[in-house]
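One structure is given below, encoded as structure tokens.
The values are calculated or read from the model by the stated rules, or taken from the named source; none is laboratory data. As the structure is a computational prediction, the values presented were derived from the model and not from experiment. Here the Cβ positions follow ideal geometry from the backbone for every residue, glycine too, while neighbour counts run over all protein chains shown.
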Amino acid sequence: MSAPVRVLVCDDQALIRTGFATIIDAQADLEVVGECGDGRAAVDLARRLRPDVVVMDVRMPVLDGIEATRLLAGVGVTDPVKVLVVTTFNLDEYVYEALRAGASGFLLKDAPPAQLLHGIRTVATGVSLLAPEVTRQLVGRYAARIRPAGDAPEVPLTPRELEVLRLIADGRSNSEIAATLVISQETVKTYVSRILTKLDLRDRVQAVVYAYRRGLVT
């Protein structure tokens, strides 16, 4: 049996933190290795404990979740930690900034327990997590702001790869992309892998931001 996924839970509300920890620890394949209530403690604990996934709140004292995420998973971090941001809709701008800071995905705080557990397992495997309904409302809302001024360089993708990228940016899952394009999920995975490699992107989250920055979706 493989070792359980090690999780660090960071939230300034003790009730939410304890609730998350209880749900996670009840799973045979997951293990809570630490809890904390502020961003600075999150960074210190994550660097010391090296969890597989950090469940990170956005608004926390001392250091907010965005800065904590940047320090743990941002550009230039040599050994980044996977961060799953949890937040509420009214904090969507903060979540967008957290994704830019290097978060591997985000969930809403009122998501059912099964979705939280799925999110942790997904991020732990190295796959990014974007809830489709949140992607459309969140990233789309800030599309105008994140596009660069002037002409962007030509995107080095084939027409089919561009099509797949646009569907990723729309928050579609691999199965939904496969159904839309009438191709197999394995073929979709190949396209996604090729897109990330060609554009030198780490995951689907970065692909979504890239698509909006280049004006490929509106």
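Can you find even one residue in the stretch 107-126 that is within 24 Å of VAL43 (Cα to Cα), among the basic types (Lys, Arg), at pLDDT 70 or above and in contact with a strand residue (DSSP E or B) (Cβ under 6 Å, 6 or more places away or on another chain)? The answer is yes, given that some residue of the stretch 107-126 is within 24 Å of VAL43 (Cα to Cα), among the basic types (Lys, Arg), at pLDDT 70 or above and in contact with a strand residue (DSSP E or B) (Cβ under 6 Å, 6 or more places away or on another chain). State whether the residues of the stretch 17-28 include one that is assigned to a loop (DSSP other than H, G, I, E, B), surrounded by fewer than 19 Cβ atoms within 10 Å (Cβ to Cβ) and without any contact (Cβ under 8 Å) to a residue 12 or more places away in the chain. Yes, the stretch 17-28 has at least one match. Checked against the criterion of being over 30 Å from ARG213 (Cβ atoms) and of a type outside the set (A, V, I, L, M), the candidates ARG100, ARG59, ARG70, ARG48 yield just one match: ARG48. For THR78, state whether it is among the hydroxyl-bearing types (Ser, Thr, Tyr) and in contact (Cβ under 8 Å) with a residue 12 or more places away in the chain. Considered against the rule, which asks whether it is among the hydroxyl-bearing types (Ser, Thr, Tyr) and in contact (Cβ under 8 Å) with a residue 12 or more places away in the chain, THR78 comes out as no. For the stretch 53-68, a tally of residues being touching a Leu at 6+ places or on another chain (Cβ under 9 Å) and either closer than 25 Å to LEU117 by Cβ or not assigned by TED's automatic domain parsing to the domain that holds GLY105 (or both) returns 6. Whether any residue in the stretch 70-84 is under 20 Å from LYS109 (Cα atoms), assigned by TED's automatic domain parsing to the domain that holds LEU116 and of a type in the set (Ser, Thr, Tyr) is what I want to check. Scanning the stretch 70-84 turns up no residue that is under 20 Å from LYS109 (Cα atoms), assigned by TED's automatic domain parsing to the domain that holds LEU116 and of a type in the set (Ser, Thr, Tyr). Residue check: is ARG17 closer than 16 Å to THR87 by Cα and in contact with a strand residue (DSSP E or B) (Cβ under 9 Å, 6 or more places away or on another chain)? So ARG17 passes the test. Of the residues ALA46, ALA41, the single one that is part of a helix (DSSP H, G or I), in the same structural domain as PRO113 (by TED's automatic domain parsing), in contact with a helix residue (DSSP H, G or I) (Cβ under 7 Å, 6 or more places away or on another chain) and free of Cβ contacts under 8 Å to residues at least 60 places away in the same chain is ALA46.
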